[in-house]
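Just so you know, all these numbers are worked out from the coordinates, no wet-lab data involved. Because the structure is a prediction, the values reported are computed rather than measured. Heads up, the Cβs are rebuilt from the backbone with ideal geometry, glycines too, and the neighbour counts pull from every protein chain shown.
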Amino acid sequence: MQDIRINDTTIESAAVLAEAQHHPAETPEAALAAAATALAVRELLLQEARRQGIEADPQSDGQGRREAEEDALIRGLLEAEVTVPEADGETCRRYFDNNRARFCSPDLFEAAHILLSASPEDKEAYAKAADQAERLIAMLQSNPRLFAELAGQFSACSSAQNEGRLGQVARGDTVPEFETFLENLEEGQLCPVPVRSRYGVHVLRLDRRIDGRELPFEAVAETIADQLQEASWRRAVAQYIRVLAGQAEIEGVALDAAESPLVQ
């Protein structure tokens, strides 16, 4: 790939190749394009900050990490040049009314399981765990009351001490394979097939499903205001970058401000 020029400054292709590791993408070409955009936008903003005489004021994050001087320059420039109005109550309410499904408490599942621990890489052990899970499922289909006893005897999970009960779990609390079955079981139903995951093979029972509730506007108004403010700021930054790009001499990159990490 070729070097990039932003006015009188050259960004060498080697720098783009090094930057690409920080931009995971589906293809190497996409990673390189993202890296080129990031470096070009950064150089464009640094040049403008220096032109305006912005003074770097590095800040700490409270954990001992201090902001790099160039990052402080860019932050100072954007603070001076980009302002957006705060989202008022009417705007927040309108957004809430148009997106009520987004503002719900999560669905909860009360479940129990028996974990037969085995690594998927150990195919023989994993197959044995699956066979054992099928035998346990057959026993439980004949006598569901055996679940607590079998959990205590066979499960490799700490829940074995509590009859296999996992308590209440929400989406994201368990592995995806587990969630798929939880979402499709009826209350009180024993999963008729073993559930395979990276931890091993599970015998799964769904005891109760608690559907999420729509949250009142008052509970989410602050969150909505923050989201709208953030979205407005990113749009304004993208527009500001487009203005700077239109005034600059740029070679070697098709600069798309919307693809900059600053506005994603």
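May I ask you to evaluate 6.51 cos²θ - 1.76 cosθ + 1.60, the Karplus curve with θ = phi - 60°, for each residue of the range 238-250 and list the ³J(HN,Hα) values in order in whole Hz, giving x for glycine and proline?
Couplings: 4, 5, 5, 5, 4, 5, 4, 5, x, 9, 9, 9, 10 Hz.
Below 15 angstrom from the Cβ of residue 169, what's the summed charge of the other residues (Lys, Arg +1; Asp, Glu -1)?
Numbers: positive: 165, 171, 205, 208, 209; negative: 107, 110, 173, 177, 179, 183, 187, 207, 211.
Charge balance near residue 169 sits at -4.
Taking the Cα centre of each part, how many Å lie between the range 3-40 and the range 76-119?
One Cα centre to the other: 32 Å.
Eigenvalues of the Cα gyration tensor times 5, then square-rooted: what semi-axes does that give for the chain, in whole angstrom, largest first? Display every interim value, and only then the final one.
Numbers: eigenvalues 556, 139, 49 Å².
Semi-axis lengths for the chain are 53, 26, 16 Å.
Given a Förster radius of 22 Å and the C-beta distance between residue 98 and residue 213 as r, what FRET efficiency does 1/(1 + (r/R0)^6) yield to the nearest 0.05?
Values: r = 19 Å, r/R0 = 0.86.
The value I calculate is 0.70.
State the dimensionless ratio Rg/Rh of the range 108-210 (Rg: radius of gyration of Cα atoms; Rh: Kirkwood radius). Show your work: numbers first, answer last.
Numbers: Rg = 12.5 Å, Rh = 13.4 Å.
Using Cα coordinates only, the ratio equals 0.93.
Ranked from highest to lowest mean number of other Cβ atoms within 10 Å per residue, what is the order of the peptides 210-222, 51-63? Mind dumping the intermediate values first?
Details: 210-222: 12.7, 51-63: 10.8.
Top of the packing list down: 210-222, 51-63.
What is the order of 123, 128, fewest Cβ neighbours within 10 Å to most? Let's see the in-between values first.
On the way: 123 10, 128 14.
Least to most surrounded, the residues fall as 123, 128.
Cβ under 10 Å from residue 189's Cβ, residue 189 left aside: what net charge do those residues give with Lys, Arg +1 and Asp, Glu -1?
Details: positive: 205; negative: 186, 187, 207.
Residues near residue 189 contribute -2 overall.
Using 1/(1 + (r/R0)^6) with R0 = 45 angstrom and r between the beta carbons of residue 233 and residue 180, what's the FRET efficiency to the nearest 0.05?
Details: r = 37 Å, r/R0 = 0.83.
That pair, residue 233 with residue 180, gives E of 0.75.
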